[in-house]
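Novice: Have a look at the structure that comes next, please.
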Amino acid sequence: MNRFAGQNALVVGGAHGIGRAIAARLVGEGAQLAIADADLDAAQSAAEEMRAWAIECDVRHTHQVQRMAQQYLDRFGHLDVLMYVAGIAPAVPFLDLDVDTWDRTQQVNLRGGYLAARAFAPGMVGRRSGKLVFISSTNAWDGEAQLAHYNASKAGLYLLAKTLARELGPFGIRSNAIGPGLIRTRLTEPILQEESFQKKYGPGSGVIPLGRLGTPDDVAGPALFLASDDAAYVNGVLLFVDGGQLA
Ligand SMILES: NC(=O)c1ccc[n+]([C@@H]2O[C@H](COP(=O)([O-])OP(=O)(O)OC[C@H]3O[C@@H](n4cnc5c(N)ncnc54)[C@H](O)[C@@H]3O)[C@@H](O)[C@H]2O)c1
């Protein structure tokens, strides 16, 4: 398939894990791609491998997102597909949760998504075309313990996606979200080592009907679907990719 031939794409948070898998698939399907990430070294090595372009951007800082968007537009002219993937998920019981952790999580997971969409939406409106995909989580729906800050950020990101679907839909722009379940990446590797987690999600627990954890590639396919013309009439959804966990 070459569904993104001639299209310009950007993966914010594309240096590792799910974002990297999405980036590789976009290039594989013909997109001209940039990876924006706070981890420039990893973004550069991913970009080199994929023949893409790496841009340094810590999404917590408004001016860095604006500068990244300007660099992108100076080089590529316009953006067709924005994938917002950047995210952090520090696990902290609510009674120990400090304001800094709360704020940092909102800044990366939610506010950064707003900043990225704000930077590119005017150009998309001008062209009457664009696709926005936000990587939310099953935790937009499921109030998983120790992740109040994360759950709130991902529910917010989903509502951002839905609101943009309404406000920007009339301009030919589609906005959707993906809700991954438990995907094996460096983000989840530490908690996957915990016995309590293995008991809850491991094979035989029945929590994940398909009986296995997800992979970054499991998420990349549905994310590309939402950005593709195959989803031309899909706008404002949260597509769970969780092996049936929320079924
Ligand atoms: N792994 C899972 O089980 C899972 C489940 C549901 C949702 N998600 C979401 O998927 C997304 C990707 O997660 P992942 O598991 O691939 O984790 P990951 O840590 O491998 O990838 C996260 C990416 O975001 C980047 N990033 C972090 N802080 C940033 C910042 N301030 N500015 C710019 N980039 C920044 C990282 O450098 C990295 O490239 C996250 O939003 C996460 O919340 C993951």
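The values are calculated or read from the model by the stated rules, or taken from the named source; none is laboratory data. Predicted model, so just to flag it, every value in this text is computed and none were measured. Note: ideal-geometry Cβ built from the backbone for every residue, glycine included; neighbour counts use all protein chains shown.
Novice: Looking at the range 97-106, is at least one residue surrounded by 15 or more Cβ atoms within 10 Å (Cβ to Cβ), within 23 Å of residue 190 (Cα to Cα) and near the ligand (Cβ under 10 Å from one of its atoms)?
Specialist: Scanning the range 97-106, I find at least one residue that is surrounded by 15 or more Cβ atoms within 10 Å (Cβ to Cβ), within 23 Å of residue 190 (Cα to Cα) and near the ligand (Cβ under 10 Å from one of its atoms), so the answer is yes.
Novice: Given 184, 111, 174, 166, which one is in contact (Cβ under 8 Å) with a residue 40 or more places away in the chain, among the charged types (D, E, K, R) and touching a helix residue (DSSP H, G or I) at 6+ places or on another chain (Cβ under 8 Å)?
Specialist: 174
Novice: Follow-up. Looking at (1) surrounded by 24 or more Cβ atoms within 10 Å (Cβ to Cβ); (2) touching a Lys or Arg at 6+ places or on another chain (Cβ under 9 Å); (3) free of Cβ contacts under 8 Å to residues at least 60 places away in the same chain; (4) not aromatic (Phe, Trp, Tyr), find the lone condition where residue 136 falls short.
Specialist: (3)
Novice: Conditions first: (1) within 15 Å of the chain's Cα centre (by Cα); (2) under 22 Å from residue 17 (Cβ atoms). Residue 237 passes all but one, so which condition is the exception?
Specialist: In the conditions (1) within 15 Å of the chain's Cα centre (by Cα); (2) under 22 Å from residue 17 (Cβ atoms), residue 237 misses (2) alone.
Novice: Just to confirm my filter: which helices (runs of 4 or more DSSP H) fall fully inside the range 169-247 and include at least 2 residues that are modelled with pLDDT under 95 and basic (Lys, Arg)?
Specialist: The qualifying helices (runs of 4 or more DSSP H) are 195-201.
Novice: Follow-up question, since we're still on this one. With the condition kept exactly as written, say whether any residue in the range 100-110 is within 21 Å of residue 226 (Cβ to Cβ) and among the aliphatic types (A, V, I, L, M).
Specialist: yes
Novice: Please give the number of the condition residue 152 fails out of (1) assigned to a helix (DSSP H, G or I); (2) within 12 Å of the ligand (Cβ to nearest atom); (3) touching a residue at least 40 places away in the same chain (Cβ under 8 Å).
Specialist: Against the list (1) assigned to a helix (DSSP H, G or I); (2) within 12 Å of the ligand (Cβ to nearest atom); (3) touching a residue at least 40 places away in the same chain (Cβ under 8 Å), residue 152 comes up short only on (2).
Novice: Scan the range 225-247 and report the pairs whose first residue is more than 20 Å from residue 139 (Cα to Cα) and whose second residue is crowded, with 20+ Cβ neighbours inside 10 Å and among the basic types (Lys, Arg), with Cβ atoms within less than 7 Å and a gap of 6+ or a chain change.
Specialist: The qualifying pairs are 227/131; 234/174; 235/174.
Novice: Mind listing whichever residues of the range 48-61 are surrounded by fewer than 23 Cβ atoms within 10 Å (Cβ to Cβ), of a type outside the set (Lys, Arg) and more than 12 Å from the ligand (Cβ to nearest atom)?
Specialist: 48, 49, 50, 53
Novice: Step by step: first the residues of the range 158-198, then only those that are acidic (Asp, Glu) and over 22 Å from residue 110 (Cα atoms), then the one that is nearest to the ligand (Cβ to nearest atom). Which residue is that?
Specialist: So the residue we want is 189.
Novice: Take the conditions buried (at least 16 other Cβ atoms within 10 Å of the Cβ), near the ligand (Cβ under 9 Å from one of its atoms), more than 26 Å from residue 225 (Cβ to Cβ) and at pLDDT 95 or above and apply them to residue 37. Does it pass?
Specialist: So residue 37 fails the test.
Novice: Being farther than 11 Å from residue 224 by Cβ and within 13 Å of the ligand (Cβ to nearest atom) is the filter here, so list the residues in the range 16-33 that pass it.
Specialist: 16, 17, 18, 19, 20
Novice: Right, something else. Can residue 215 be described as more than 13 Å from the chain's Cα centre (by Cα), surrounded by 12 or more Cβ atoms within 10 Å (Cβ to Cβ) and farther than 15 Å from residue 22 by Cα?
Specialist: No: the conditions fail for residue 215.
Novice: Another question about this same structure. Identify the residue in the range 67-88 that is surrounded by 15 or more Cβ atoms within 10 Å (Cβ to Cβ) and more than 20 Å from residue 161 (Cα to Cα) and, among all such residues, is nearest to the ligand (Cβ to nearest atom).
Specialist: Per the criteria, the residue is 68.
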